[in-house]
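Inspection log for the structure reproduced underneath, given as structure tokens.
Read the figures in this text as sums done on the coordinates, not as results from a lab. This one's a predicted model, so the numbers in the text were calculated from it and none came from an experiment. Virtual Cβ from ideal backbone geometry, glycine too; neighbours counted across all protein chains shown.
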Amino acid sequence: MDLGLTPEQIKSRKRFSDFVDEYIAPVADQNDRDEHTPVELIKRLGEQGFLGAFIPEEYGGKGMDMVTAGLLCEEIGRGSASLLSLLTINGMVSQAILKWGTSAQKEHWLPGLATAEKVAAFGVTEPDIGSDAKSVETTAELSGNSYILNGRKKWISYGQVADLFLILAQCDGKPTTFLIERDTPGFSTTPITGLLGFRSAMLAEVQIEGCRVPEENLVGRPGFGFSHVTNVALDHGRYCVGWGCLGLAEACLQASLSYTSERKQFGTNLRGHQLIQEMIADMITNIKATRLLCYHAAYLKETGDPGMIMETSIMKYFASRMVNKIANDAVQIHGAHGCGSEYSVQRYLRDAKIMEIIEGSNQMQQIIIAKSGYMNFRLEKRKK
């Protein structure tokens with residue numbers, strides 16, 4: 001595995017970084033306070049092709065290789081974790097359609113999702129159902145050539161503005177996924193505010209009351225909703241989140257390097273104190289270790305290695321734990337300043353915590369990783 005970037009990837013990373021520095025980072029704190037993402041910024045992402053990073057060119061996307069797309073997630077995460085969730089969720093729905101959608105669904109929806117003409121949201125979590133996604137209580141009942149859906153979804157990123165929702169429901173006791181458009185009669189959303197982090201991700205609670213969804217909006221077969229469609233989406237989400245954690249950690253590091261180079265205590269810059277140096281050294285080391293995991297997951301995905309799903313879980317688990325430690329240290333380094341709105345590190349810490357929860361909590365990742373370890377242990381014993 002070549003860990004070096006190609007000239008084209010280096011060029012792309014520079015373009016991503018410049019975009020973040022000009023359009024995202026300067027307004028991220030204000031968007032966080034407003035709990036809102038301006039529609040103009042979403043459109044800019046679409047115009048740049050960033051929302052179509054993982055969508056093939058034949059459907060109007062950029063068809064980026066997995067490293068380049070990862071670098072994009074890293075840079076967006078550096079500027080705004082909330083905005084990263086737009087890239088993540090839009091990609092999760094796109095990947096589900098690419099893998100399990102019909103030709104008609106791909107041709108109808110993917111070009112719009114690639115350009116921000118349409119924005120997608122992923123509806124799995126419910127008021128009473130979180131990690132146990134296969135037990136969702138939203139129902140779908142076949143009625144002629146349509147399905148009637150009823151239920152509620154909660155904590156839906158960009159649910160306030162999304163045009164298309166991928167909804168997981170129970171159909172005759174089988175987890176099944178459907179595409180529902182916002183203007184479907186009986187479909188409504190309620191904004192969720194006052195969150196710890198991801199405040200500008202415009203989360204919503206979704207009400208689905210007797211929504212009639214045409215049969216052609218079924219994604220995959222009945223019963224495939226969790227094991228196939230949702231898992232494809234979640235794997236993609238974990239990949240984006242892992243890279244985004246890397247970018248958020250880099251933002252924490254840069255903020256800490258800047259602050260400790262300017263702030264003086266006991267007659268010298270903070271950077272001259274050994275305990276500060278210890279925290280900075282740990283930040284740098286953990287970021288480098290995480291980057292290697294991200295590159296490894298990208299390589300496996302690019303080559304279609306069957307181990308890519310497990311390595312993505314490992315990457316997301318490690319990266320989200322790493323960024324919480326780094327964000328916590330960044331606030332500690334800033335002292336009281338780190339607790340106020342004058343410095344972005346307080347936002348970084350709040351957003352970092354969300355990274356441990358979304359797209360499968362870290363506890364769920366621990367279970368997945370441990371089970372894989374025991375399975376591999378048994379397989380190795382049988383070989384001997």
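Across segment 121-221, C-alpha contacts under 8 Å between residues 6 or more apart give a mean separation that, scaled by the residue count, equals a relative contact order of 32 percent. Under the criterion of Cα pairs below 8 Å and six or more residues apart, the relative contact order for the chain equals 17 percent.
Of all lysines in the structure, those lying under 27 Å Cα to Cα from LYS174, and not within fewer than 8 positions of it along the same chain, are LYS99, LYS106, LYS134, LYS153, LYS154, LYS371. Projected over all directions and averaged, the alpha-carbon convex hull of the chain occupies 20.7 nm².
Could you tell me how many degrees, from 0 to 90 and to the nearest 10, lie between the Cα long axis of helix 231-262 and the main elongation axis, the longest principal axis, of the Cα atoms of the chain? Tilt relative to the chain: about 20 degrees. With 0.36 nm allotted per residue and the present C-alpha distance subtracted, the HIS108-ALA281 stretch has 57.3 nm of extension available.
Peptides 287-295, 32-40, ordered by how many other C-beta atoms sit within 10 Å of their residues on average, highest first, read 287-295, 32-40.
Applying Stokes-Einstein at 20 °C and 1.002 mPa s to the Kirkwood radius of segment 226-378, computed over alpha-carbon pairs, gives a translational diffusion coefficient of 130 µm² s⁻¹.
Once you list every other residue whose beta carbon is under 9 Å from the beta carbon of THR125, what net charge do they have if Lys and Arg are +1 and Asp and Glu are -1? Walk me through the intermediate numbers first.
Values: positive: LYS153, LYS154; negative: GLU126.
Computed value for this residue: +1.
The distance separating the Cα centre of segment 335-359 from that of segment 54-82 comes to 24 Å. Would you work out which of SER344, GLY52, GLN265 lies farthest towards the positive end of the dipole of the chain? Charges go on Cβ: Lys and Arg +1, Asp and Glu -1. Selected residue: GLN265. Calculate how many DSSP beta bridges within the chain are antiparallel, expressed in % of all such bridges and rounded to the nearest 5. Roughly 85 percent of the beta bridges in the chain run antiparallel, per DSSP.
Each eigenvalue of the Cα gyration tensor of segment 46-191, multiplied by 5 and square-rooted, gives one semi-axis; in descending order these are 27, 18, 14 Å. Taking the charge dipole of segment 121-221 about its Cα centre, with +1 at Lys and Arg Cβ atoms and -1 at Asp and Glu Cβ atoms, the residue from LEU164, PHE187, ALA204 reaching farthest to the positive side is ALA204. With the simple spin-label model, which puts each label point 7 Å out from Cα in the Cβ direction, the ASP172 to ALA336 separation comes to 6.7 nm. Placing a pseudo-label 7 Å from each Cα along the Cα-to-Cβ vector at ILE368 and ARG15 gives an inter-label distance of 3.1 nm.
What is the Cα radius of gyration of segment 5-65 over 2.2 N^0.38 Å, N being its residue count?
Numbers: Rg = 13.5 Å, N = 61, 2.2 N^0.38 = 10.5 Å.
Ratio of Rg to 2.2 N^0.38 Å for segment 5-65: 1.29.
When you work out D = kT/(6 pi eta Rh) for segment 7-119 at 25 °C and 0.890 mPa s, using the Kirkwood radius from C-alpha pairs as Rh and the Stokes-Einstein form, the result is 173 µm²/s. Among the GluC sites (Glu not before Pro) found in segment 336-366, those both in a DSSP coil and sparsely packed, with 16 or fewer other Cβ atoms within 10 Å of their Cβ, are GLU342. Here the Karplus relation 6.51 cos²θ - 1.76 cosθ + 1.60, evaluated at θ = phi - 60°, turns the backbone of segment 157-165 into coupling constants of 4, 6, x, 5, 10, 4, 9, 10, 10 Hz, with x for every Gly and Pro. Shown for SER344, SER135: other C-beta atoms within 10 Å of each C-beta, ranked fewest to most, produce the order SER135, SER344. Note on segment 271-302 and segment 1-49: Cα centroid distance 21 Å, given to the nearest whole angstrom. Once both labels are positioned 7 Å from their Cα atoms along Cα-to-Cβ, the gap between LYS381 and TYR23 label points is 5.5 nm. Full extension of the chain segment joining SER188 with GLU216 gains 7.9 nm, where the gain is 0.36 nm per residue of separation less the Cα-Cα distance.
To the nearest 0.05, what FRET efficiency results for ASN269 and GLU57 with a Förster distance of 45 Å applied to their C-beta separation? Mind dumping the intermediate values first?
Details: r = 50 Å, r/R0 = 1.11.
With a Förster radius of 45 Å, E is 0.35.
Selection among PRO7, GLN95, LEU72 by position relative to the dipole of segment 7-119 gives GLN95 as farthest towards the positive end (Cβ unit charges, Cα centre).
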